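Enquirer: A single structure is presented below for examination.
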Amino acid sequence: MRLLVKGAGIAGLTAAFELAARGAAVTVVEARHGLGGNASWMAGGMLAPWCESESAEQPVLDLGRDAADWWDAVLPGHITRAGTLVLAMPRDTGELDRFASRTSDHRPVDEDEIALLEPDLAGRFRRGLFFPGEAHLDPRRAMAALHEKLAGNGVEFRFGVDARHMRGFDREIDCMGMASSDERLRGVRGEMLILRTLDISLSRPVRLLHPRLPLYLAPRANHHFMAGATMVESLSTEPVTVRAMMELLNAAYSVHPAFGEAAIVETGVGIRPAFSDNLPRVEAHGRTVAINGLYRHGFLLAPAMARRAADLVFDSDKPVEPADETDGQRRSA
């Protein structure tokens, strides 16, 4: 079976892997001239289903709880299983209690245990929550490694190509995110910073709760940290705003004053595709299977969505048939 995957973001790469693993001849086509520049490239890379359940629906937890295992099996050595540390300033401890009440699989930590988990944060926070089952990865390294693995296994990549000109495939898998033609999607703008400092080390993502702008700091290699991320209902791809930069930097400084002397290595903006309920969809429409609406959960949910798409393509008991156009609905997996 010859399959065309449209889009080389994280949805497209994971779909290509699952389809190729089941014996398909897969071609991935991407309008950009290489990896990067999309929402996946700007992601935090946190595999944190229990933390995300604070504001997400139950399916996000159900679909994402095995994501770290998938990534570990596909890209050994790229996953750090060190959990997530959630903190709040003394004036915001009510936010910590609220977060605890809406999540599970965590334990409270006091000042001493925070110091054991993150020695550079010793004496800065009195209380926190530790989610030991969570993990994280570097999205850019993971995408590059997955691309290399797929290419080495025979998946063809064509960059800088308009997918509309591709012909001769048995099925198409639309993983184009906001570039797809689905009018139900809305864009949620996320702004992020990459900081570099030699004065602090973190072993795991740290989330700082705040009533207005919760922050996460995700450690990267070579003393880099990603600080993110805003959520703005907007399709604007304009550079990071002054307000967003000030708020992210102030929050990072609140975690540790050393971030006040950090170098701002990069700023970035990504537009996350989302449906009205913020839940992802895998849908069949004619000879096309679409994966979309991963919202802020791309690396967390992409493996499960890729498996569902592969099931739709290969399961002979679920033939891919044209949807009923009268009500605009599509058959979902």
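The values are calculated or read from the model by the stated rules, or taken from the named source; none is laboratory data. The structure presented is a predicted model; accordingly, all values stated were derived computationally and were not measured. Using ideal geometry, Cβ is built from the backbone for each residue, glycine included, and neighbour counts are taken over all protein chains shown. SASA here: full protein model, heavy atoms, side chains in, ligands and nucleic acids out. Shrake-Rupley method; radii C 1.70, N 1.55, O 1.52, S 1.80 Å.
Enquirer: Evaluate the Debye formula for the stretch 1-154 with equal point scatterers sitting on the alpha carbons, no solvent, and hand back log10 of I(q)/I(0) at q = 0.09, 0.20 Å⁻¹, in q order, two decimals.
Expert: -0.39, -1.22
Enquirer: Give me the Kirkwood hydrodynamic radius of the stretch 141-197 in Å, from all C-alpha pairs, to one decimal place? Before the final figure, lay out each step's value.
Expert: Numbers: mean 1/r = 0.0659 Å⁻¹.
So the Kirkwood estimate lands at 15.2 Å.
Enquirer: Explain nothing, just the number: dipole magnitude of the stretch 46-185 about its Cα centre with +1 on each Lys and Arg Cβ and -1 on each Asp and Glu Cβ, in debye rounded to the nearest 20.
Expert: The calculated dipole for the stretch 46-185 is roughly 300 debye.
Enquirer: For M89, what residues show an amide H to amide H distance below 5 Å, using hydrogens built from the backbone and excluding near sequence neighbours?
Expert: When sequence neighbours closer than 5 places are left aside, the close amide H contacts are L209.
Enquirer: Okay, moving on. Apply the Karplus curve 6.51 cos²θ - 1.76 cosθ + 1.60, θ = phi - 60°, to the phi angles in the stretch 97-114 and return the couplings in whole Hz, x for Gly and Pro.
Expert: 5, 5, 4, 5, 6, 9, 10, 9, 6, 10, 9, x, 10, 9, 4, 5, 6, 4
Enquirer: Per residue, how many Å² of accessible area does the chain show with a 1.4 Å probe?
Expert: Normalised by residue count, the accessible surface of the chain is 45 Å².
Enquirer: Continuing with this model, one more query. Of the beta bridges DSSP finds with both residues in the chain, what % are antiparallel, to the nearest 5?
Expert: 70
Enquirer: Let me ask you something else. Enter the angle in degrees (range 0 to 90, nearest 10) between the Cα long axis of helix 139-152 and the first principal axis of the Cα atoms of the chain, meaning the one along which they spread out most.
Expert: The angle comes out at about 30 degrees.
Enquirer: If you average 1/r across every pair of different Cα atoms in the chain and take the reciprocal, what Kirkwood value do you get, in Å?
Expert: Working: mean 1/r = 0.0486 Å⁻¹.
Kirkwood hydrodynamic radius for the chain: 20.6 Å.
Enquirer: How many angstrom separate the Cα center of the stretch 129-144 from the Cα center of the stretch 216-268?
Expert: Computed from Cα coordinates, the inter-centre distance equals 18 Å.
Enquirer: Taking the 0 to 90 degree range and rounding to the nearest ten, how far is the long axis of helix 242-255 tilted relative to the main principal axis of the chain, both from C-alpha atoms?
Expert: 50
Enquirer: Per residue, how much space in cubic angstrom lies within the convex hull of the C-alpha atoms of the stretch 164-237?
Expert: Working: hull volume 13.8 nm³, N = 74.
Hull volume normalised by residue count: 187 Å³.
Enquirer: Lys/Arg Cβ at +1, Asp/Glu Cβ at -1, dipole of the stretch 5-128 taken about the Cα centre: which of L63, P90, A11 is farthest positive-ward?
Expert: Comparing the listed Cα positions along the dipole, A11 ranks first.
Enquirer: Quick one: helix 298-314 against the long Cα principal axis of the chain, what's the angle to the nearest 10°, folded into 0 to 90?
Expert: That works out to roughly 20 degrees.
Enquirer: Tell me, which longest segment in the chain has none of the GluC sites (Glu not before Pro) that fall in DSSP loops with at most 12 further Cβ atoms within 10 Å?
Expert: 184-324
Enquirer: Leaving ligands, DNA and RNA out of it, report the carbon-plus-sulfur percent of the accessible area of the chain at a 1.4 Å probe.
Expert: Taking all protein chains in place, the chain shows 48 percent carbon and sulfur surface.
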